[in-house]
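What follows is a short report on a single structure.
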Amino acid sequence: MDKLTESPPRQRLEDWVAAIGEPQLPRLPRHALDYELPPRDLAAQIYVDPALVLGLIRDVTTHASRHLDSGVHSMEEAVLLRGVRNVRAVADGLPRAEAALTRANYRGYLFTCERAIHAACQARRWAWQLADLLPNEVYTAAMLRHSAELVMWSRDEGRVMRTIHEMAPEPAYASEAEYVALGFSLGELNLALAQKWQLPALVAESSEALAADTRSPRSWAVGLASRLAALARQGWRHPEMPPLLEALSELLELDDEATRAEISAGAAEAAELLPWKPVTFAPLLPAGEEDEDDPEAQQPPARAPISETSDNPYLSDGTAKGGVCLAPRREVFQRVRHELENRDYARSEAQMRRRRGRVSPRDCILNLVLTGLYDGLGLSRVLYAQMLPDGETLAGQYVLGAAGDPNFHRFRVDLSRPSLLQELMAKPSAVWLTPQRYQRVQHRVPAALHALADGRSAFLAAVFAHGQPQGMIYADRHRIDNALDETSFRAMRRLCALGGQRLAEL
């Protein structure tokens with residue numbers, strides 16, 4: 001397999017994308033294709049292995065793109081377009097995981113494959129319920145939403161993935177660990193790779209969770225499925241499972257009991273595809289389908305003996321483990337402030353174009369403000385909620401550091417009702433909501449804000465332009481033991497005011 005250089009981790013996303021090059025993931029063990037099957041049945045077998053799905057999409061894109069108005073979206077299309085002989089050639093050209101991967105990377109790669117298959121099965125079931133015309137496209141997008149993780153595990157850079165999981169075994173803290181290890185999120189890397197490899201548009205659309213207000217039901221389903229797959233190891237008891245269940249209940253128009261049953265059915269479907277008993281989503285299987293008495297059946301096939309009691313940094317053990325804290329980076333904050341003061345939006349525009357394609361100067365200004373808070377001040381969860389045209393509603397628009405958290409992406413507050421946020425948005429202002437102050441005003445905290453803060457210390461700022469409210473910024477530090485401070489509050493207040501001044505110039 002191709003290897004990245006042994007240099008320290010690159011901090012520029014473009015460097016990582018260039019070094020990764022073309023994808024070639026190793027195939028799952030214990031998985032074979034029956035080339036005598038009809039195309040639909042052969043496609044069903046292909047869907048089991050992320051390496052085959054990615055390999056065939058790249059094969060079609062490379063050899064048949066001139067015949068297509070858009071990229072291939074399903075394995076049925078790929079089989080019909082390329083024929084069985086080319087499908088066999090692609091499959092035979094991929095290495096086997098047990099031979100290609102080091103022992104250190106092997107389990108991490110297979111567990112990520114397992115999460116990808118689980119997310120894909122869940123997303124496709126939800127697409128069917130939403131009467132989606134192309135549910136297998138949703139399946140493909142949910143599976144390939146994990147491409148960046150898979151390609152990192154499959155190379156020498158698996159050490160970076162191990163570092164991420166050692167810093168944050170608990171998925172809720174993955175964003176901070178990814179940023180510390182890479183300088184960007186795996187979602188951003190997935191987006192960049194999807195664009196370079198010409199993967200289906202839905203893969204790119206659902207990869208980067210910066211925008212909270214532009215999600216189609218399909219993209220939202222992929223995002224929720226990926227989040228579910230990340231939390232599933234701890235099952236229903238995971239503290240971040242309730243908001244996910246609520247968001248999915250709203251999407252599918254089901255009650256809580258029916259939503260849980262739907263998730264269990266999706267987990268059972270994924271379990272049937274795996275060549276081994278599931279590990280990462282076993283707690284979600286219907287009652288009676290977990291095989292607790294057979295520890296060997298609960299493990300992916302090992303290329304070398306691996307004890308069940310050996311250290312396993314890839315999965316949480318069920319306890320809420322903290323992650324890392326983002327350290328303030330004064331040089332980044334100063335750079336952002338300088339760019340805002342000098343109306344230099346070139347860097348921000350290039351970053352936003354990778355994420356969204358078409359961007360406006362307003363997007364670039366707000367992205368700079370959020371970058372200054374997240375990268376510069378080390379505020380690890382940042383939300384910008386825009387004021388809607390009705391002048392009475394705040395709705396989440398941009399999110400950093402809380403990728404996939406439904407509480408952030410579904411943030412919405414009615415300002416016509418008396419509340420703390422109604423008072424905040426009455427004039428340019430900023431508030432440091434300390435735990436003590438939160439206790440005093442909690443009866444005036446809207447439910448959507450309570451879901452974010454939940455009694456923790458947080459910064460709030462109203463962004464104004466021309467004397468009119470434009471939106472609100474919420475920022476905190478994910479770990480409650482990583483305290484906020486007066487210096488960060490003053491810097492945040494000044495940066496938000498500067499952003500409002502630049503918005504007024506538009």
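A simple count of charges around Ala32, restricted to other residues whose Cβ falls under 15 Å of its Cβ and scoring Lys, Arg +1 and Asp, Glu -1, yields -2. Computed from the C-alpha gyration tensor, the three semi-axes of the ellipsoid equivalent to the stretch 417-506 are 23, 17, 9 Å, from longest to shortest. Charge dipole of the chain (Cα centre as origin; +1 on each Lys and Arg Cβ, -1 on each Asp and Glu Cβ, all else neutral): 1880 debye, rounded to the nearest 20. Were the residues from Asp34 through Asp255 laid out at 0.36 nm apart, the gain over their Cα-Cα distance would be 75.5 nm. Spatial offset of the stretch 89-124 relative to the stretch 334-351 amounts to 40 Å, using the alpha carbon center of each. Placing dummy labels 7 Å off each Cα toward the beta-carbon, the span from Thr102 to Gln129 is 4.2 nm. With each label modelled as a point 7 angstrom along the Cα→C-beta vector, the Glu341-Arg440 pair spans 3.5 nm.
Note on the chain: Kirkwood radius taken over Cα pairs, Stokes-Einstein applied at 4 °C and 1.567 mPa s, translational D equal to 55 µm² s⁻¹. Just so you know, the Rg over Rh for the stretch 147-191 is 0.92, from Cα atoms, with Rh as the Kirkwood radius. In terms of the Cα gyration tensor, with a ≥ b ≥ c the square roots of its eigenvalues, is the stretch 94-211 rounded because a/c is under 1.5, prolate because a/b exceeds b/c, or oblate? Since a/c reaches 1.5 and a/b is larger than b/c, the shape of the stretch 94-211 is classed as prolate. Going by Cα centres, the stretch 419-456 and the stretch 176-195 are how many Å apart? Each part reduced to its Cα centre gives a spacing of 32 Å.
Taking the Cα centre as origin and putting +1 on Lys and Arg beta-carbons and -1 on Asp and Glu beta-carbons, what dipole magnitude results for the stretch 435-506, to the nearest 20 debye?
It comes to approximately 120 debye.
Accessible area ranking (1.4 Å probe, heavy atoms, ligands and nucleic acids excluded), largest first, for Asp255, Asp34: Asp255, Asp34. Taking only alpha carbon atoms, the stretch 71-142 gives an Rg to Rh ratio of 1.07, where Rh is the Kirkwood radius.
The helix-based estimate of mean residue ellipticity at 222 nm for the chain, built from -39,500 (n - 2.57) per DSSP H run of four or more residues and divided by its residue count, is -15500 deg cm²/dmol to the nearest 500. Relative contact order for the stretch 356-459: 18 percent, from Cα pairs under 8 Å spaced at least 6 residues apart, divided by residue count.
So, by mean Cβ neighbours within 10 angstrom, what's the order for 484-496, 270-282 with the highest one leading?
Sorting 484-496, 270-282 by mean packing, highest first, produces 270-282, 484-496.
Model label points for Val84 and Glu269, set 7 angstrom from Cα along the Cα-to-Cβ axis, are 2.7 nm apart.
Taking a sphere under 12 Å around the Cβ of Pro135 and counting the other residues whose Cβ falls inside, with K and R at +1 and D and E at -1, yields a net charge of 0. Helices meeting the span-like rule in the chain (full DSSP H runs, Cα extent of at least 18 Å along the helix axis, mean Kyte-Doolittle score of 0.0 or higher): 50-64, 75-93, 217-231.
Taking all Cα pairs closer than 8 Å and separated by 6 or more residues, the relative contact order of the chain comes to 13 percent.
The values are calculated or read from the model by the stated rules, or taken from the named source; none is laboratory data. Predicted model only: the values in this text are computed from it and were never measured. Every residue, glycine as well, gets a Cβ built from its backbone with ideal geometry; the counts of neighbours run over all protein chains shown. Accessible surface is based on the protein model in full, side chains and every heavy atom, while ligands, DNA and RNA are left aside. Shrake-Rupley method; radii C 1.70, N 1.55, O 1.52, S 1.80 Å.
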